[in-house]
Amino acid sequence: MPEKIFDLIIIGGGPGGLTAGIYAMRAALDTVLVEKGVPGGQMVMSAEVENYPGFELIGGAELSQKFAQHAEAYGLEILSKEVTAIEPGLEHHTVHLDDGETLKGHAVILGTGGNPRQLGISGEEDNYGKGVSYCAVCDGFFFRNKTVVVIGGGDTAAEEALYLAKLAEKVYLVHRRDELRASSILTKRVMDECKIEILWNSVVTAIKANDGAVCAVDIRDVKTDETRELAADGAFIFIGFDPNTAIVPRGIKLNAEGYVVTDDRCQTAIRGIYAIGDLRDKYARQIVVAAGDGATAALIAAHYVESKKASDACKLDE
Ligand code: NAP
């Protein structure tokens, strides 16, 4: 029996991958989506999503479920496995899975997202799960009526600081500059929240623990070089994000920050391989943008697969 070749293999079940799945199924592509965790990606971790059109306020986990249910309603197969490598080919691309199996596909959409960046300071790794966290929604509950430090000045730091302010007694937002990178609406909310105190021009240089739990952080003022210890029960780090490029095949171009470079159709440097969502170099990293990427890539992949199959059939006839 000839080996099965999928029209499309989608790697990653975040908003981009699931939207690609919806569009691919509607375009009648024989598609499989491979996701190592739960569908939804980083969206699952968001307590509240307020900027996905059609939903003024929805939990990230609920929105993830809605995306997955929508894709599955069109018959999308979601494989719960990890992809270990991708071997590009002229005839088809081969996707290697952690159980030793392989999948073959005419087209592949990469939607592997990324991971929160680490500060790399003393006490960060040792105290992970003991007061050091990269997810307020996951761990905020443990800091009810306590004091926490949030590090970073972007949208994530602002959103998570606001979330933590609902639970904690006091939130210090430590930012290395004198102005937040976060959007003006989030910046205003942070400024208006009386439980949040912003420590401007400051960096956390160490996280300290006592009896297996975080008890303080060392802070340095980058303008005066003054250092001080600040008592805190938790340190939440939101300083950006590193794209998951471990399985991106050689031959696909990455930019200086490590994001996959594509054209405006999400096409990478290898024919039939597309990159979407937070993995891809682009201006805004938003659920709606990832979903848009997924739709674009699936539509272009459908066009590519159709042309490729027609050309393969012509070659057979000759
Ligand atoms: P980000 O926008 O890259 O912000 C990272 C923040 O961490 C910056 O303020 C940066 O400072 C600071 N930082 C970086 N390295 C640091 C270090 N070593 N020490 C101290 N501070 C450091 O990352 P993000 O907040 O995770 O957001 C990622 C993307 O997702 C953005 O495009 C964002 O708009 C989007 N996002 C949107 C929403 C929303 O709209 N609801 C929510 C979350 C995220 P500098 O400012 O000085 O560089």
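Bear in mind that the values in this text are calculations on the coordinates, not laboratory data. Since the structure is predicted, the reported quantities are computational estimates derived from the model, not experimental observations. Cβ coordinates were reconstructed from backbone atoms using ideal geometry, including for glycine residues, and neighbour counts include every protein chain displayed.
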Give me a comma-separated list of calculated 3J(HN,Hα) values for region 261-278, in order, Karplus coefficients 6.51, -1.76, 1.60 applied at θ = phi - 60°, integers in Hz, x for any Gly or Pro.
8, 9, 8, 6, 9, 6, 7, 8, 6, 10, 4, x, 10, 10, 10, 9, x, 5
Provide the packing ranking of 9-21, 269-281, 242-254, i.e. peptides ordered by the mean count of other C-beta atoms within 10 Å per residue, highest first.
9-21, 269-281, 242-254
Per the chain: cysteines with no other Cys C-beta under 4.7 angstrom?
Cys194, Cys215, Cys266, Cys314
Among the DSSP beta bridges whose two residues both lie in the chain, what percent are antiparallel, rounded to the nearest 5?
45
What does DSSP give for region 118-237 in terms of the percent of beta bridges that are antiparallel, rounded to the nearest 5?
45
Rank these for me by crowding, Phe236, Phe143, going from fewest to most other beta carbons within 10 Å.
Phe143, Phe236
Long-range HN-HN contacts of Ala107 with modeled amide H, under 5 Å:
Leu8, Ile9
Cα-Cα over 29 Å, subset of Lys130/Lys170; Lys66/Lys309; Lys66/Lys130; Lys66/Lys166; Lys36/Lys66; Lys81/Lys253
Lys66/Lys309; Lys66/Lys130
Each residue of region 238-247 in order: what ³J(HN,Hα) in whole Hz does its phi give by Karplus 6.51 cos²θ - 1.76 cosθ + 1.60, θ = phi - 60°, with x for Gly and Pro?
9, 10, x, 7, 10, x, 7, 10, 3, 9
Could you tell me what a quarter of the Cα convex hull surface of the chain works out to, in nm² with one decimal place?
18.5
To the nearest Å, what is the center-to-center distance of region 248-318 and region 16-92, using C-alpha atoms only?
16
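Suppose every Lys and Arg Cβ carries +1 and every Asp and Glu Cβ carries -1, with no other charges. What dipole size does region 161-318 come out with about its Cα centre, to the nearest 20 debye?
On the way: 22 positive and 24 negative charges, 56 e Å.
Here the size comes out at about 280 debye.
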Of Tyr74, Pro53, Ile86, farthest towards positive along the dipole that unit charges on Lys, Arg, Asp, Glu beta carbons give region 49-101:
Pro53
Would you grab the residues whose amide H sits under 5 Å from the one on Gly114? Only those 5+ places off in sequence or on another chain, please, with H modelled 1.01 Å from N.
Asn244
DSSP-defined antiparallel bridges as percent of all bridges, region 169-318, nearest 5:
75
